[in-house]
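Everything below concerns the one structure shown next.
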Amino acid sequence: MVLKNPFIAFEHDVYALTRQGQEELRGGGTSLSAADLELLVRADGRATVAQIAASMQALPAQAVAQACVRLARAGLLDLATNLQDDSLDFTDFFSDKPRAAPSQEELARAKAEASTGVSSLKEQGYYVCIARRRILPHLPAIGGGRSAIVVEDDPQLGALLKACLESEGFSVRLAANRNEVLSALREPPLPDIVLLDVVLPDIDGFDVLLRMRQHQALKSVAVVMVTSQATREAVLKGLARGAEGYITKPVEPATLIKAVLAVLGVQEGPRVK
Amino acid sequence: MSSDALRRELDALSAEYRSRLPAKLAEIHALWFDLASGAIPAARVIDLRRELHSIAGSAKTFGVAAVGEIAAAAESLLDPFWQHGALPEPAGRAELTRLIDALQRAAATV
């Protein structure tokens with residue numbers, strides 16, 4: 001891969017956080033200005049310099065470009081294309097390599113959540129754990145709407161989930177099997193959320209979840225399991241592997257929309273009763 | 001999309017699902033008949049379980065609760081067996097036949 005020079009910025013360039021940039025955002029002791037921090041948050045690997053400038057009031061694109069170069073020189077940003085091979089490599093995504101199991105801490109937390117979650121399932125028909133693994137605050141994509149991937153092998157049910165998300169402004173990609181999951185994940189932009197069925201023709205949804213959580217680019221993408229499996233063990237499995245939400249079938253559109261928006265921290269109410 | 005538009009789309013999806021359901025259940029019936037008669041390998045029970053699971057999850061969503069409940073009962077009957085590529089014992093097979101027949105009857109009333 002030929003790396004582009006990140007120290008010359010054009011309006012159409014797309015910047016993303018480097019690993020150092022991610023650590024800077026997570027750390028509590030940053031010395032960056034508020035404007036620089038906002039720029040780091042908005043450099044999401046999808047928005048161009050011009051789109052970021054349009055979203056940051058009173059800042060011309062030239063100033064944003066200069067700030068991007070300055071933050072790139074500090075090692076906090078790089079051109080998204082330069083980071084892509086490291087972050088969007090799917091070569092081993094479905095390999096049979098052994099994958100790390102959830103840690104004891106994750107298991108203990110998931111057990112506690114699963115117990116209350118199953119109670120919630122019985123009472124409300126759904127269970128949501130809001131963004132417990134998200135590191136960065138959710139920001140709607142600049143210059144475009146939110147996007148989602150629906151992994152569901154029943155075509156009518158997939159269409160229903162798609163319609164629900166589209167009603168809230170999401171652009172939706174559908175996947176029904178292993179190859180389609182891989183294609184959907186490879187296709188830009190990275191989704192804001194994935195609705196994930198468990199029983200699929202040639203892959204287990206829990207396995208997809210685990211592999212997403214171990215993938216550089218996908219580990220912070222919100223995942224909501226949408227499944228018929230409502231046992232405590234199944235909820236525990238989903239939560240221990242890092243799902244933000246767990247919704248049981250039958251799918252109630254208003255509940256689904258409410259759960260998705262809650263996971264993403266979007267303050268909108270469901271439109272369908 | 002407005003709530004009315006979404007509701008219309010969901011209604012259309014529901015109607016489409018119901019119209020396709022009899023054919024889907026006929027496929028399940030044929031698959032079970034082939035499995036029970038030994039016409040296809042017992043390992044194909046995994047396909048039967050997945051089809052029943054799919055119907056169990058989707059039928060209630062599209063307002064055909066009775067079909068969903070019967071499919072869920074049939075799926076749970078296969079639970080101890082499908083991962084081993086095995087069929088239930090004779091009594092279990094008879095019960096499965098009864099449930100799969102009941103599925104088709106329920107679909108006829110949709």
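Cβ-Cβ distance below 8 Å, separation of 6 or more or different chains: which pairs start in segment B:64-83 with a residue that is free of Cβ contacts under 8 Å to residues at least 60 places away in the same chain and under 10 Å from B:Arg49 (Cβ atoms) and end on one that is assigned to a loop (DSSP other than H, G, I, E, B) and not small (Gly, Ala, Ser)?
B:Leu77/B:Pro88; B:Leu78/B:Pro88; B:Phe81/B:Leu87; B:Phe81/B:Pro88
Among the candidates B:Leu10, B:Leu21, single out the residue that is facing chain A (nearest Cβ under 10 Å), closer than 20 Å to A:Cys164 by Cα, assigned to a helix (DSSP H, G or I) and out of contact with any His (no Cβ under 9 Å at 6 or more places or on another chain).
After ruling out the rest, the residue left standing is B:Leu10.
Would you please list the contacts, defined by Cβ atoms under 7 Å and residues six or more apart or on different chains, that run from a residue in segment A:168-183 that is closer than 16 Å to A:Asp154 by Cβ to a residue that is of a type in the set (Lys, Arg) and not in a loop (DSSP other than H, G, I, E, B)?
Cβ pairs passing all conditions: A:Val172/A:Lys162; A:Leu174/A:Lys162.
Only one of B:Ala91, B:Ala56, B:Ala107, B:Ala43 is within 14 Å of chain A (Cβ to nearest Cβ) and either part of a helix (DSSP H, G or I) or crowded, with 20+ Cβ neighbours inside 10 Å (or both). Can you tell me which? Give the derivation first.
Numbers: B:Ala91 fails: within 14 Å of chain A (Cβ to nearest Cβ); B:Ala107 fails: within 14 Å of chain A (Cβ to nearest Cβ); B:Ala43 fails: within 14 Å of chain A (Cβ to nearest Cβ).
The match here is B:Ala56.
Considering each residue of segment A:172-191, count those that are at pLDDT below 95 and closer than 26 Å to B:Arg8 by Cα, and give that number.
Qualifying residue count for the region: 0.
Taking the condition of being of a type in the set (Gly, Ala, Ser), within 12 Å of chain B (Cβ to nearest Cβ) and crowded, with 21+ Cβ neighbours inside 10 Å, how many residues in segment A:164-196 meet it? Break it down into steps so the answer makes sense when it comes.
Of the residues in segment A:164-196, the ones of a type in the set (Gly, Ala, Ser) are A:167, A:169, A:171, A:175-176, A:183-184.
Those left that are additionally within 12 Å of chain B (Cβ to nearest Cβ): A:167, A:169, A:176.
If we keep only those that are crowded, with 21+ Cβ neighbours inside 10 Å as well, we get A:167.
Residues meeting the conditions: 1.
Mind checking which residues of segment A:31-49 are touching a residue at least 40 places away in the same chain (Cβ under 8 Å) and either assigned to a helix (DSSP H, G or I) or not assigned by TED's automatic domain parsing to the domain that holds A:Arg70 (or both)?
Passing the criteria: A:Val41, A:Arg42, A:Val49.
Of the residues that sit in segment B:24-38 and are under 23 Å from B:Pro80 (Cβ atoms) and without any contact (Cβ under 8 Å) to a residue 12 or more places away in the chain, which one is nearest to the other protein chains (Cβ to nearest Cβ)? Talk me through it step by step, then tell me what you get.
Taking segment B:24-38 first, the residues under 23 Å from B:Pro80 (Cβ atoms) are B:28-29, B:31-38.
Next, from what is left, pick out any that are without any contact (Cβ under 8 Å) to a residue 12 or more places away in the chain: B:33-34, B:37-38.
Numbers: B:Phe33: 22, B:Asp34: 19, B:Ser37: 24, B:Gly38: 24 Å.
Per the stated criteria, the residue is B:Asp34.
What number of residues within segment A:197-207 satisfy the criterion of being closer than 24 Å to A:Ala108 by Cβ and more than 11 Å from chain B (Cβ to nearest Cβ)?
At the first step, the residues of segment A:197-207 found to be closer than 24 Å to A:Ala108 by Cβ are A:198, A:204-207.
From what's left, more than 11 Å from chain B (Cβ to nearest Cβ): A:204-207.
Count: 4.
Of all residues in segment A:187-215, which are assigned to a loop (DSSP other than H, G, I, E, B) and free of Cβ contacts under 8 Å to residues at least 24 places away in the same chain? Break it down into steps so the answer makes sense when it comes.
Our first condition is that a residue be assigned to a loop (DSSP other than H, G, I, E, B); within segment A:187-215, this holds for A:187-192, A:197-198, A:200-203, A:214-215.
Scanning segment A:187-215 gives a single hit, A:Glu187.
Take the residues in segment A:216-254 that are assigned to a loop (DSSP other than H, G, I, E, B) and of a type in the set (A, V, I, L, M); name whichever of them is nearest to the other protein chains (Cβ to nearest Cβ). Can you show your working first?
Within segment A:216-254, the first condition is being assigned to a loop (DSSP other than H, G, I, E, B), and the residues that meet it are A:216-221, A:228-231, A:241-244, A:249-252.
Restricting the remaining residues to those that are of a type in the set (A, V, I, L, M) gives A:217-218, A:221, A:230, A:243, A:251.
On the way: A:Ala217: 29, A:Leu218: 25, A:Val221: 23, A:Ala230: 11, A:Ala243: 17, A:Val251: 5 Å.
Top of the filtered list is A:Val251.
If I ask for residues that are assigned to a helix (DSSP H, G or I) and either over 24 Å from A:Val151 (Cβ atoms) or within 8 Å of chain A (Cβ to nearest Cβ) (or both), which ones from segment B:60-75 would you list?
From segment B:60-75, those assigned to a helix (DSSP H, G or I) are B:60-61, B:65-75; that's our starting set.
Residues satisfying the conditions are B:Lys60, B:Thr61, B:Ala65, B:Ala66, B:Gly68, B:Glu69, B:Ile70, B:Ala72, B:Ala73, B:Ala74.
Which number in (1) farther than 30 Å from B:Ser3 by Cβ; (2) out of contact with any Phe, Trp or Tyr (no Cβ under 6 Å at 6 or more places or on another chain); (3) surrounded by 21 or more Cβ atoms within 10 Å (Cβ to Cβ) marks the one condition that A:Ser228 misses?
Status for A:Ser228: all satisfied but (1).
Has segment A:129-142 got any residue that is buried (at least 21 other Cβ atoms within 10 Å of the Cβ) and at pLDDT below 90? Working first, answer last.
Taking segment A:129-142 first, the residues buried (at least 21 other Cβ atoms within 10 Å of the Cβ) are A:129.
After this cut, where a residue has to be at pLDDT below 90 as well, the list is A:129.
Taking every residue of segment A:129-142 in turn, at least one turns out to be buried (at least 21 other Cβ atoms within 10 Å of the Cβ) and at pLDDT below 90.
The values are calculated or read from the model by the stated rules, or taken from the named source; none is laboratory data. All values derive from a computational prediction rather than experimental measurement. As a convention, Cβ positions derive from the backbone with ideal geometry for all residues, glycine included, and neighbour counts pool all protein chains shown.
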